Amino acid sequence: MANWLNDVALGDLPLTGIACACLILWHVWTVVRLRSRFKSQLGAAQDVNVRLSDELEQSEAAYDDVAWALAQSEAEIAELAALVDRLKEGIARLEQLAAYERAEAPTIRADRQPELLRHAGQMADDVAGLKGVAMVFERWHDEMSSLMVQNRDMHAKNDELASIVNQVAMLALNAAIEAARAGAAGRGFTVVATEVRALARRCEALARDYSVSLHKNDMTTTATFQDIQAGGKMMMAAISGLELMATQLRAKLD
Amino acid sequence: MISEQARRSMEQIFINAAKTNLVLAPSDVCEVAPLVPGRAQGNREKNLLLLTISAFPFRLLTILQAGEHPLTREYYLKGKPGRAFGEVFAEVGNLCCGSMNRELTRHFPHLGMSVPYFLDSRCMPFLDELQPEYLSSCAISINGSARLQATLCVCAYAPVDFAVDAQAREETTGELELF
């Protein structure tokens, strides 16, 4: 280095020109190299963004599925309410018959016996038919089970989304550091990196919100699922009790 | 809609069921102490065991949470090589809830019970979404080593009023609940 400076001092102007040209070339090469690194980082960030969009789309679709399944559950709850009404009607008719039997059975005229027997038989058949409600409960059980599986799938997708968002944030941070090191040449990339970081922060908040919604969904879905399941067992037990009463009534009248 | 005596009765029914069914041997000592509701601990694990008892006027959710303390796992897995903790814990919880179900049947003839289901403990803050009328939590310690937390969550849809005997009998045997 000292020799080179001495040479310059000696006025070796052509050599100085070559050195300057080399310096300029070195700077140009540095800028080209940085551009290429930024391009590759930007490309990676774009890839991650595409994956992020895909994941978001998939999550939204899964969320729609759950909303649809919940709407189905509501319709089925209405169906359950209708069944409960039918059950109540059956209970009322049975109670009427039982009250009649208690109050008037000793004085039933022989000519009314066949009519009462027919009513009691019809009652027993109705109640036995109601036991078919077990099939409805089985159906709901299967549907609710698939809903729970979907919930688990959505949790997995959301975890994947959160992991991608973390990668995006890291990439954006690296890009910002590289851009700062490049000085004026990296100014444009600094803007891009800052925007990508802002997007990553928004995605992070979205994934967090999504996770909260999923846990809330888990609690309400599971509680509803269990209520339907327990309610189904309660109704089956009640129907079995009614069936026994109806059979006993028919046997008494027979 | 849930009377004070009904609340006390549900707590008493749970305490009796817990003392009888959450222990593996009758000689094991089970202590139950009240806690602030909704303060379930622990974290990203699926360690909330949920069971529901439904009646026309109410539904009662029993939530049992096994602590992450190794002594709790050790207690429940003792003498059960090769079995998963969750499976054993679900059986124990099912027996406890089945015992509550039997006791409640004395006051509510039409009742049904769900099968057990595990949830992530991060779901716990969302119990409020069910709009419960009554929440009660307690810490359970068995032989001073195994530790659990339990929460009773009651949603009422009609007035609920009943009372268990002041000296509610404690069951000495647990019947097998099928699920």
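The values are calculated or read from the model by the stated rules, or taken from the named source; none is laboratory data. Quick caveat: nothing in here was measured; it's all calculated off a predicted structure. Every residue, glycine among them, receives a Cβ derived from its backbone with ideal geometry; neighbour counts consider all protein chains shown. For accessibility, only protein heavy atoms count, side chains too; no ligands or nucleic acids. Shrake-Rupley method; radii C 1.70, N 1.55, O 1.52, S 1.80 Å.
Accessible area per residue was computed with a 1.4 Å probe on protein heavy atoms; residue B:88 scores about 0 Å². Using R0 = 35 Å, the C-beta based FRET efficiency linking residue B:129 and residue A:39 works out to 0.15.
By accessible area, using a 1.4 Å probe on protein heavy atoms only, chain B has 53% of its surface on carbon and sulfur.
Surface composition of the stretch A:133-180: carbon plus sulfur atoms contribute 60% of the solvent-accessible area (1.4 Å probe, protein chains only, all chains present).
Hydropathy first: keep DSSP H helices in chain B averaging at least -0.5 on Kyte-Doolittle, then drop any whose Cα extent along the axis falls short of 24 Å, and list what survives.
B:85-105
Note on surface exposure: A:137, B:118 rank B:118, A:137 by accessible area, highest first, 1.4 Å probe. Solvent exposure of the stretch B:1-142 amounts to 43 Å² per residue of accessible area, where only protein heavy atoms count and the probe is 1.4 Å.
The residues B:160, A:191, A:212, sorted by heavy-atom accessible surface at 1.4 Å with ligands and nucleic acids left out, run A:191, A:212, B:160 from largest to smallest.
Label positions at residue B:110 and residue A:166, each projected 7 Å from the Cα along the C-beta direction, are separated by 5.1 nm. Between the stretch A:165-230 and the stretch B:62-133, the C-alpha centres lie 35 angstrom from each other. Based on protein heavy atoms only, the stretch A:104-254 ends up with 52 Å² per residue of surface accessible to a 1.4 Å probe. Remark: the stretch A:164-179, residue by residue, has Karplus-estimated 3J(HN,Hα) of 5, 4, 4, 4, 4, 4, 5, 4, 5, 5, 4, 4, 5, 5, 4, 5 Hz, where x stands for each Gly or Pro and the curve is 6.51 cos²θ - 1.76 cosθ + 1.60 at θ = phi - 60°. Remark on the stretch B:113-158: accessible area falls by at least 20 square angstrom from chain-alone to full-complex state for B:113, B:114, B:115, B:117, B:119, B:122, B:123, B:126, B:129, B:130, probe 1.4 angstrom. Within the stretch B:52-82, the residues that become at least 40 Å² less accessible when every protein chain is included than when their own chain is isolated (1.4 Å probe; DNA, RNA and ligands ignored) are B:54, B:56, B:59. Taking B:109, B:159, B:81 in turn, the Gaussian network model of chain B (Cα-Cα springs below 10 Å) assigns the largest fluctuation to B:81. Here the translational diffusion coefficient of the stretch A:134-180 follows from Stokes-Einstein with Rh set to the Kirkwood radius across Cα pairs; for 4 °C and 1.567 mPa s it amounts to 95 µm²/s.
The B and A chains share an interface that buries close to 2100 Å² of accessible area, total over both sides, probe 1.4 Å. Of the cross-linked pairs B:19/B:78; A:233/B:80; A:157/A:233, those separated by over 29 Å at the C-alpha level are A:233/B:80; A:157/A:233.
Using 0.36 nm times the number of residues separating residue A:93 and residue A:139, minus their current alpha carbon distance, what extension gain do you get?
That works out to 13.7 nm of additional length.
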